[in-house]
1. Of the residues E428, E432, E362, which is under 15 Å from D352 (Cα atoms), of a type in the set (D, E, K, R) and surrounded by fewer than 18 Cβ atoms within 10 Å (Cβ to Cβ)?
2. Does C388 satisfy the criteria of being part of a helix (DSSP H, G or I) and not basic (K, R)?
3. Kindly check whether there is at least one residue in the stretch 399-408 that is out of contact with any strand residue (DSSP E or B) (no Cβ under 9 Å at 6 or more places or on another chain) and closer than 26 Å to W54 by Cα.
4. Take the residues in the stretch 49-96 that are under 25 Å from N389 (Cβ atoms) and of a type in the set (S, T, Y), then tell me which one is surrounded by the fewest Cβ atoms within 10 Å (Cβ to Cβ).
5. Residue under question is L133, and the condition is that it be crowded, with 17+ Cβ neighbours inside 10 Å, touching a helix residue (DSSP H, G or I) at 6+ places or on another chain (Cβ under 9 Å) and more than 29 Å from N41 (Cα to Cα); does it hold?
6. I want to confirm something. Restricting to the stretch 184-200 and keeping residues that are under 19 Å from the mean Cα position of the chain (by Cα) and buried (at least 19 other Cβ atoms within 10 Å of the Cβ), which single residue is nearest to S117 (Cα to Cα)?
7. Any residue in the stretch 40-55 that is in a strand (DSSP E or B) and modelled with pLDDT of 90 or more?
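The values are calculated or read from the model by the stated rules, or taken from the named source; none is laboratory data. Bear in mind the structure is a predicted one, so any value in this text is a computation, not a measurement. So basically every Cβ, Gly included, is an ideal-geometry build from the backbone, and we count neighbours across all protein chains shown.
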Amino acid sequence: MLSVRKKIFFVNLVVMTWVVLSAANPAAQADTVKAADIGNNLPSIDGFINDPCWAQARWQPIDQVWIEYGENIESTDYSGRYKALWSSHSNALYFLVEVTDDYFVDGYIFPNDDYYSYDVVEVFIDQDKSGGLHVFDGTGAVGDEWGTNAENAFAYHINVNLPSDGQAATEFFACDISGSDWNDKKIEDYSNHFQQFAFRKSGDKYVWEFSLLVYDDTYDPDDPDASQVTLNAGDVIGLSLAYCDNDSINEEPKERDNFIGSVWVPQERYNDHWKNADDFGTLQLMARAQNETKPMTIGANFWNQAWGGADPWKNGYQNAIQPDSVNDPAYNPWKSALIDEIAFYSVLRFMDWGDINWNDHEVHWTDRVPQDRVNQRQTAIEWMIDLCNRTQTDMWICIPEKAAVDYWRGAAQLIKDRLDSNLKVYVEWSNETWNGM
């Protein structure tokens, strides 16, 4: 049993069986996405995915190709997923969206009407899941075709410009249509519906993290507070997410190449979400457990790589590293499936990767496994740190039983210098020495 002093619930899982879901067998979001109430355990909206509260939400795939309908998109081109929570304390929904995209096209200029032609996350929300048209405040034939209430549902198109790699942007537009008809069409910016927002770039992986207020269909842009709803456990809300994918950075005018949603729709309604809420998915707000005081934190313990299972390295642990590439910031030796699957966890324990149960050969810091060693069955601390930084996951390191003072100092300095400052490190001597007590 792990020490309660660690203050973490640790699930000892063999994380060597990663499965990449084929695009030919898309999963879609759950029929009813159940959002946990996190109370006042709110995430820090910074674009990192390591807040403990996110462990209470399941990843929902954004994998249904609406344009071109049913097309198979390679994971090297695009993959996407999201999580949703809510808070009775802040009266807001919380979203974490993660997308891998080989080309990211930005540069939207408000209030141009080509807001969907860039790389854009869309949030479709219908407060009472009533469905129906939501383009215009139309009358007569316009009302019949495009709706009589533009705020019957919202289709937030989130346009944001790329920050530098490893950085986050907080300025954005959340565009949607309003007006009485096409001659009176307005492009609205609903960014004030988002309490907090961060968009972070890490290579070709992008994370949107934000909180969102919810408004009913009486919404008046001159008095939005009057229509803000009070969220309650048991509420059922219409919700889908989608991604507009443009792979042509230099083209003018911009044109969307693919449109991928989180719910299945029939082919004849492949592009109806922006105008009709009938096919929105379902979000249910769940009650908070009466005895709950803080969210559970879940970690993973890595197994000995030589014991079989899926290998975490692109080229296998016996040929894991290209020595000449270790100083290249863009070098990535990990399988993408590994990165995707362990992003769920809050902490990674590297006991077996450090060969701790048989490690009597690392006494001094100079005895450690070097970062540029080709075979990484026993894994260098540098690569443990690298994996934690890539997944924004706290680090749990085990120090060899015979380690001398210089080893402890060297490990501490390396972790201080290289582990992202927002991450925690847990240090254990040997392996579960308390079990013999």
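1. E432
2. yes
3. No; the residues of the stretch 399-408 include none that is out of contact with any strand residue (DSSP E or B) (no Cβ under 9 Å at 6 or more places or on another chain) and closer than 26 Å to W54 by Cα.
4. Ranking the candidates gives T76 first.
5. yes
6. Per the criteria, the residue is F199.
7. no
Yes or no, residue by residue, for (1) at pLDDT 95 or above; (2) polar (S, T, N, Q); (3) surrounded by 18 or more Cβ atoms within 10 Å (Cβ to Cβ); (4) in contact with a Pro (Cβ under 9 Å, 6 or more places away or on another chain):
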residue	(1), (2), (3), (4)
F259	yes, no, yes, no
V265	yes, no, yes, no
N276	yes, yes, yes, no
W303	no, no, yes, no
A310	no, no, no, no
